[in-house]
Amino acid sequence: MIPGRLWLLALLALLPIDAGKAQGVWNPEYDGICGLGSQSETGCADIRARRIVDAAERPWRAIGRVNFAGSDTRMHCTGVLVSDRLVLTAAHCLYDHARKRWVSAVSVQFVAGYQRGEVAATSSVRRYRLDPQQGLDGRFQPDPALDWAVLELTQPLGETVGFLPAAAPGEAGFLAGYSGLRPHVLSVTGECPVRLDTEGLLRGFCPVMRGDSGAPLLTGSTERPGVAAILSRIASSAKGVSGLFLPVALFDLNEE
């Protein structure tokens, strides 16, 4: 999720709160996730095998990096345009875990169609909205169902680069994101099987890692995909990297 000295602190927020360890304690057993654990190379081959797409072309240009730069911190997640001004991402991407505070909207930039230094369009963020139960008293609430954010851009980028429609989740999807291993290119996974759990969240196996947080789980064809969910958390298991995805139905997509 975060290149630089704070990436490990931020990645802890991605680990499931039912992982058997206290929140904030690094569990070295998560070696199936590329870049994490005592065997940090484990799982990286699957990330490298993801297909790199041309982010300047439709429909990929509606996906981009959510960038935050502070005085001593540079972070990125992935986001997706779902209207002219609205971008979906994960709430934990906007929380500075080292300082225990939410970043200001003016510090966030959405860079659409980013590829090796080139961009299709970019906009600052006017404000962002969270779940009403998220961010109470200025704290990050670890409840997975609350880990969503909607960025309201100052510029209507969707008018020029396009946006992807919300879609109902199915039994599988594919993810497009800016992984920490390849942060300067947009790469796409193969088909990832997912299932709806009793809490209304999607769980499945997909080759994902830090940097992919907030990335869209897409359904339909690669020519006309829809956004079914976004990536919130990751963990490793005997079957591979497990992802927790938040269905778009959880998001407040009302235009204001």
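The values are calculated or read from the model by the stated rules, or taken from the named source; none is laboratory data. Here the structure is a predicted model, which means the values were calculated and not measured. All Cβ positions, even for glycine, are placed from backbone atoms using ideal geometry, and neighbour counts span all protein chains on display. Just so you know, the surface numbers come from the protein's heavy atoms only, side chains and all, with ligands and any DNA or RNA stripped out. Shrake-Rupley method; radii C 1.70, N 1.55, O 1.52, S 1.80 Å.
Give the Cα extents of the chain along the principal axes, in whole Å, largest first.
Result for the chain: principal-axis Cα extents of 45, 40, 38 Å.
Set the Förster distance to 22 Å, then compute FRET efficiency between GLU118 and ASP84 from the Cβ-Cβ distance, nearest 0.05.
The value I calculate is 0.50.
Whole-Å semi-axes of segment 99-160's equivalent ellipsoid, largest first, each the root of 5 times a Cα gyration tensor eigenvalue?
Whole-Å semi-axes of the equivalent ellipsoid: 26, 12, 11.
What percent of all Cα-Cα pairs in segment 109-222 falls in each 5 Å bin, counting up from 0?
Going from the shortest bin to the longest, the percentages are 2, 9, 16, 20, 22, 18, 11, 2, 0.
Say we join alpha carbon atoms closer than 10 Å with springs in a Gaussian network model of the chain; which of GLN134, GLN39, GLN115 then has the biggest fluctuation?
Ranking GLN134, GLN39, GLN115 by mean-square fluctuation puts GLN39 first.
How many Å² of accessible area per residue for the chain, probe 1.4 Å?
Per-residue value: 43 Å².
How big is the equivalent ellipsoid of segment 145-196 along its three axes, where each semi-axis is √(5λ) from the Cα gyration tensor, reported in whole Å from largest to smallest?
Over the Cα atoms of segment 145-196, the semi-axes work out to 23, 18, 13 Å.
Can you tell me how much longer the chain between ARG224 and GLU255 gets when fully stretched, taken as 0.36 nm per residue apart minus their C-alpha distance, in nm with one decimal?
That works out to 8.9 nm of additional length.
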